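Working notes, structure below.
The values are calculated or read from the model by the stated rules, or taken from the named source; none is laboratory data. Note that this is a predicted model, so its numbers are computed, not measured. Virtual Cβ from ideal backbone geometry, glycine too; neighbours counted across all protein chains shown. Side chains are part of the model used for accessible areas, which takes the heavy atoms of the whole protein and leaves out ligands, DNA and RNA. Shrake-Rupley method; radii C 1.70, N 1.55, O 1.52, S 1.80 Å.
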Amino acid sequence: MDIPVYLFAGFLDGGKTTFINGILQDGFARDGRTLLLCCEEGAEEYDPKALRNVTVVNVEDEAELTPARLKRLEKKHRPEQVLIEFNGMWPLQRLYQEALPDNWVLYQIMTMVEAATFDVYAKNLGQLMMEKLTNADMIVFNRCDEALRASLRQRNLKMVNRRASIYLENTDGTSEDYADGTVCPFDLSQDVIDIPDDDFGVWYVDVMEHPERYDGKAVRAKTVVCHLPQYPDNVILGRFAMTCCEADITFLGLVAEGDGFAAFENRAWADVTGVVRLEPHEAYQGEPGPVLCVTALSPADKPEQEVLTF
């Protein structure tokens, strides 16, 4: 039986224990047998009231994290889920490649960062900090004030990890989404903005929500070519995406115009370069929307992952 693993990464005082206390009390780990591997002890302690269904095992040394030992813990405690409060000074790569048993499935990586010390860690422990950001599914910057929020957004951390959800937890107890519309996940200063295969969904959402950013910008991407009878003068370029399960696969497409599309069968793959223009089109209910004016077009092989996931 597969066991979901939730990994909490970050350095001391980043807020990992506080966050874990929250999900043990009110979140997804409130019910069901839980094994909590504590690889780092900070000033904050686990709330005893939240540990009724939780077994805490302290891990003092990185070498203790082996498949054999973790399987023994699984057999002894029979957890339905595993939480790992990871040591900030240990690299994540060994955990992925060597430590987890085959049936321990890494579901989510959550990275906690104290906003005030982020620059210090980034400058002095850059590689360790960057791997915690680039591998995360969710990033939380704790104890933010107005100046720290502005500084973090100025750094444009969405370009470090386009897929992660990033949140700013404020000193007054409120929180806000890092993606407030002022931060673009791509470098718009490039002559041609390359859209990696895995990031097409991120780009599609951004260009649809903020088309003015890309007006006049050249982009390059691998897409599916769709010929739709309702738009005989155009094609629709995009990717199929699954947001939840196979039943909700949908096509993320935008209007394109240019020469050479007649040579492509419906749903053929193509490498496309073009310039985004905001133009009225019936696909956008007659309102201005992003239209890709194609300047270069060539057949392409399917990517390793044909259907995008979010």
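Computed quantities for the displayed model
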quantity: From the C-alpha gyration tensor of region 1-70, square roots of 5λ in Å; calculated: 19, 17, 11
quantity: Set Lys16/Lys123; Lys16/Lys302; Lys123/Lys302; Lys76/Lys132 screened for pairs whose C-alpha atoms are more than 28 Å apart; calculated: Lys16/Lys302; Lys123/Lys302; Lys76/Lys132
quantity: Approximate spin-label separation Glu176-Leu12, in nm, with each point projected 7 Å along Cα-to-Cβ; calculated: 3.2 nm
quantity: Ser189, Ser151, reordered so the largest accessible area comes first (probe 1.4 Å); calculated: Ser189, Ser151
quantity: For the chain, alpha-carbon Rg relative to the globular expectation (2.2 N^0.38 Å, N residues); calculated: 1.18
quantity: Enclosed volume per residue, in Å³, of the convex hull spanned by Cα atoms of region 142-202; calculated: 84 Å³
quantity: Label point distance in nm, Ala262-Gln190, each placed 7 Å from Cα along Cα→Cβ; calculated: 3.3 nm
quantity: Rg over Rh [alpha-carbon atoms, Kirkwood Rh] for region 1-141; calculated: 0.94
quantity: For Leu292, solvent-accessible area (1.4 Å; no DNA, RNA or ligand), Å²; calculated: 10 Å²
quantity: Gained length - Glu62 relative to Glu146, 0.36 nm times residue gap less alpha-carbon distance; calculated: 26.5 nm
quantity: Convex hull projection area averaged over all views, region 90-225, Cα basis, nm²; calculated: 10.9 nm²
quantity: Cβ-based net charge around Asp177, under 13 Å, with every Lys or Arg adding one and every Asp or Glu removing one; calculated: -1
quantity: Of the GluC sites (Glu not before Pro) in region 224-310, those whose Cβ has at most 13 other Cβ within 10 Å and which sit in DSSP loop; calculated: Glu265, Glu304, Glu306
quantity: Convex hull of Cα atoms in region 206-310, direction-averaged projection (nm²); calculated: 6.9 nm²
quantity: Rounded to whole Hz, the Karplus (6.51, -1.76, 1.60) HN-Hα couplings of region 114-126, x for glycine and proline; calculated: 7, 4, 5, 9, 4, 4, 4, 5, 5, 6, 9, 10, x
quantity: FRET E, pair Glu306, Leu228, Förster distance 25 Å, beta-carbon r, rounded to 0.05; calculated: 0.80
quantity: Summed side-chain charge close to Glu62 - residues other than Glu62 whose Cβ falls under 13 Å, Lys, Arg +1, Asp, Glu -1; calculated: -3
quantity: Orientation-averaged projected area, Cα convex hull of region 162-253 (nm²); calculated: 8.5 nm²
quantity: Length added when fully stretched, Leu73-Met208, from 0.36 nm per residue minus Cα-Cα; calculated: 43.8 nm
quantity: Accessible-area order (highest first, 1.4 angstrom probe) of the listed residues Asp119, Asp233; calculated: Asp233, Asp119
quantity: Shape parameters for region 49-122, alpha-carbon atoms, Rg then Dmax in Å; calculated: 14.3, 42
quantity: Gyration tensor (Cα) of region 43-92, equivalent ellipsoid semi-axes in angstrom; calculated: 19, 18, 8
quantity: Asp172 - accessible surface, heavy atoms, 1.4 Å probe, Å² rounded to 10; calculated: 110 Å²
quantity: Spin-label zone in region 43-73 - amide nitrogen under 18 Å from a point set 7 Å from the Cα of Asn103 along the C-beta vector; calculated: 66-73
quantity: Pair Ala296, Asp2: separation of 7 Å Cα→Cβ label points (nm); calculated: 3.9 nm
quantity: Whole-Å distance, taken between Cα centres, linking region 170-205 and region 45-65; calculated: 35 Å
quantity: Surface accessible to a 1.4 Å probe, Glu114 within the full protein complex, Å²; calculated: 40 Å²
